[in-house]
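To start, the structure under review is shown below, and the notes come after it.
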Amino acid sequence: MGRYIIKKLLISIPVMFGIMLTTFFLLNVIPGDPIALMMKDHISVDVVARVRAQMHLDDPVFIRFFRFLGGALHGDFGISYKLNRPVSYLLATAFPNTLALALSAALVSWIIGIPAGILSAVKRYSLVDNFFMGFSVLGVSMPVFWTGLLFQYIFSLKLHLLPVAGFKGPLYLIMPAIVLGWSSAGTIARLTRSSLLEVMRNDYIRTARAKGLREIAVVVRHALKNSMLPVVTVMALQVSGLLSGAVITESVFGIPGVGRIAVNAIQNRDMPLLQGSVVLTTFLVIIGNLTADIVYSWLDPRIRYGNPEGKK
Amino acid sequence: MSDTQGDTRRETAGLLEIQGLKTQFRTRRGVVPAVDDVSVSVGRGEVVGIVGESGCGKSVTSLSLLGLVTHPGKVVGGSALFDGVDLLTLDNKGIRAIRGRDISMIFQEPMTSLNPVYTVGQQVSECLRSHASGVSRKAARASVEEMFEMVGIPEPRARLDAWPHQLSGGLRQRVMIAMALICKPKLLIADEPTTALDVTIEAQILALMKDLRRDTGTAIMLISHNLGVIAETCDRVYVMYAGRVMEEAEVFELFDSPTHPYTRGLLASMPRIGGERGPRKPLYSIRGNVPDMQQLPKGCRFAPRCDFAMARCVESEPPLLDASHATGNPGGKPHLSRCWLAEASGAGGQQ
Ligand SMILES: Nc1ncnc2c1ncn2[C@@H]1O[C@H](COP(=O)(O)OP(=O)(O)O)[C@@H](O)[C@H]1O
Ligand SMILES: [Mg+2]
């Protein structure tokens, strides 16, 4: 088990390096001079050249990459061109907001999605099933900015129950978490349902019934654990996705998170900030996948002990 | 209903008396009468075989008993008296109390019949603990270990914590047998227990089942498409075809003097090393295919494939006729055959 995790961690080092290399070079070839964007038109060519030299922007790209890499290893991603603050500081300020939003949205989607999926599977084709599946289609197909605005209109402007936007406390989190959570709850519910139905067709479910177990024990003890494997994968991807910035939700609800930083950085050609965001995102995705792997091996002993084919 | 509810049936003082069982699958294409008026009895401590080509309704018959037929299947008729209680009329709670305790089952695929995410010890002890309330985890573990030993699992204690994927097919089937026997059932239903195993393991498992029957007195309903397995193990045999019982006899009688052309076909297609037909001769096989269960012939269901079919066979389906006269063994356990030939050659049926 421990060795399994260490192996996964070691594999993620070259992945991290590869991503940094790729983004660094890609960001270098996209058009648009950051200095020109940073300074206004009336600055002379001389000044621009001097600033470029000062920021080592004229050095060969490889040298700049290794300088970036060296800094990154120390948690130093440079100074944002636009905001004139250390990138690590900016990200460290925005990240807790994103984390709070992502975790609460994920929690909402699991608390709704998993039980809804289970009930739908157990009571297949019933009214309950149709209701939940309709609900999840709505969640998946309604764009977040639209549900966001709708919620703001109903719960803030009409009912005055919740603050419209901003981020000054837990109360501000409720609406965005529900809006964002609902959209992924649909996916989770459908996946839970189909996975559970699939697992319920297995021979060992018949064995469990033939033992004389109650149907609830058959579902909860024998089907659920097996059926969670694909769901866990999606849950992990979803959390890393949310953590790397739910851009639209952050914009609609005015939450100063990582997503907004990244979008602004792209618009301003703010290379250090953009590189920092990408590295952070990569790191989070790797952590998310690693968590999924760990949960996987906890759920399925065949992974824990190798031998996925189930052969002797 | 069956045509032979005469005195012969009662003699067995049955543990299980299935009468006129009908189970259907209502599919989009129509109704599949998978089990159509099947009567089978199992005496206490008796080993009864059910044999027939794949798809003839053997598994559905056994699943029907315990209410394990899944949607779109449904038991639509008949009765199944087990110790005087009709299993088919029990509610959920009633049938659950019987499953795994009085009647237990083992299945064809030991690879997939165990849950991959629990140890085999957990899975066997779960069966015990769900029926015997108040058995501590530790006591259950001890019983399971004992049972593992009894079914011939080497190093039983260490195997308690093994995961299914760590065991070979033969060991897994032994685990399934241990699970089936842990509550000391009166009837064990074994549905193709050795079909997925190779021949040496098959022989070991069959020997184990015979030993268990001798030592515990558990009655066994052994389902197989393989007459060799049946011959090895059973006292009495039912031959099924297209949802019906075609022939019923004691095992020696069935093999010595089969009366139904279908049974004869099955026997002729058994591989026999060193038998009267040399191993080089191509094996006989019954011509044609198993009929489409939604378009069954009007007369005898086997008539389209039968070498002896007469005009009468296509016209009307024979009932189960007494064939013991034909075989010169009157007065023994019943020998019944769903074939007009049994009537023609014998002293008449029991109609
Ligand atoms: N889920 C199902 N849906 C429709 N028909 C089924 C289903 N399961 C079984 N049947 C029908 O029941 C018949 C008997 O099946 P089964 O009892 O499994 O045969 P076997 O004798 O090989 O055990 C099959 O031929 C098939 O037509
Ligand atoms: Mg079968």
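Some points to look at:
- Partners for A:LYS168 among lysines (Cα-Cα distance below 17 Å; same-chain residues under 8 apart left out): none
- Simple spin-label estimate for A:PHE283 and B:ASN92 in nanometres, 7 Å along Cα-Cβ: 5.1
- 1.4 Å probe, heavy atoms, protein only - residues of segment A:209-243 losing at least 30 Å² accessible area vs chain alone: A:ARG209, A:ALA210, A:LYS211, A:GLY212, A:LEU213, A:ARG214, A:ARG221, A:HIS222, A:LYS225, A:ASN226
- Note on chain B: with a GNM built from Cα contacts shorter than 10 Å, the maximum mean-square fluctuation among B:THR23, B:THR233, B:THR263 falls on B:THR233.
- Bridgeable aspartates and glutamates around A:LYS211 (alpha carbons under 12 Å apart, same-chain partners fewer than 8 residues away excluded): B:ASP102, B:GLU126.
- Beta bridge orientation in segment B:34-234: antiparallel %, DSSP, nearest 5: 10
- Cα coordinate range in chain B, projected on the principal axes (Å, largest first): 66, 51, 45
- Accessible area of chain B divided out per residue, in Å², using a probe of 1.4 angstrom: 43
- Heavy-atom surface analysis with a 1.4 Å probe gives the protein assembly as shown a carbon and sulfur content of 60 percent of its accessible area.
- Interface between chains B and A: roughly 2500 Å² of accessible area buried, both sides summed (probe 1.4 Å, protein heavy atoms only).
- Largest to smallest principal axis extent of the C-alpha atoms in segment B:147-210, angstrom: 28, 27, 17
- Value of Rg to Rh for segment B:34-234 (Rh from inverse mean 1/r over Cα pairs, i.e. Kirkwood): 0.95
- Scaling against 2.2 N^0.38 Å puts the C-alpha radius of gyration of the protein assembly as shown at 1.35.
- P(r) tail fraction, chain A - alpha-carbon pairs more than 33 Å apart, %: 42
- Cα→Cβ-extended label distance, 7 Å offset, between A:ILE6 and A:ILE174, nm: 4.9
- Convex hull volume per residue, computed on the Cα atoms of segment A:1-142, equals 206 Å³.
- Ordering B:ILE189, B:MET209, B:SER104 by the projection of their Cα atoms onto the charge dipole of segment B:34-234, which places +1 on the Cβ of Lys and Arg and -1 on the Cβ of Asp and Glu, puts B:SER104 at the extreme positive end.
- The packing ranking, built from the mean of other Cβ atoms within 10 Å per residue, places the peptides A:119-127, A:159-167, A:55-63 in the order A:119-127, A:159-167, A:55-63, highest first.
- Nearest-20 debye value, chain A charge dipole, Cβ charges on Lys, Arg, Asp, Glu: 1260
- Volume per residue that the Cα convex hull of segment B:173-328 spans, once the total is divided by residue count, Å³: 158
- Accessible surface, chain A, averaged per residue in Å² (probe 1.4 Å): 52
- Heavy-atom accessible area ranking, 1.4 Å probe, most first, across A:TRP298, A:TRP110, A:TRP182, A:TRP146: A:TRP298, A:TRP146, A:TRP110, A:TRP182
- The dipole here belongs to the protein assembly as shown: it is taken about the Cα centre, uses +1 on the Cβ of Lys and Arg and -1 on the Cβ of Asp and Glu, and is about 1560 debye.
- Burial annotation for segment A:274-302: residues with an accessible-area loss of at least 20 Å² between the isolated chain and the complete set of protein chains, computed on heavy atoms with a 1.4 Å probe, are A:PRO301, A:ARG302.
- Solvent accessible area, Å² - B:ASP307, 1.4 Å probe, full protein context: 100
- With the simple spin-label model, which puts each label point 7 Å out from Cα in the Cβ direction, the A:TRP298 to B:LYS138 separation comes to 2.9 nm.
- Ignoring lysines fewer than eight residues from A:LYS82 along the same chain, the ones with Cα atoms less than 22 angstrom from its Cα are A:LYS40.
The values are calculated or read from the model by the stated rules, or taken from the named source; none is laboratory data. Note that the structure is a prediction, hence the values are computed from the model and not measured. Glycine also receives a Cβ, built like all others from the backbone with ideal geometry; neighbour counts cover every protein chain displayed. Ligands, DNA and RNA are stripped out before the accessible areas are found, and what is left, the full protein with its side chains, is counted by its heavy atoms. Shrake-Rupley method; radii C 1.70, N 1.55, O 1.52, S 1.80 Å.
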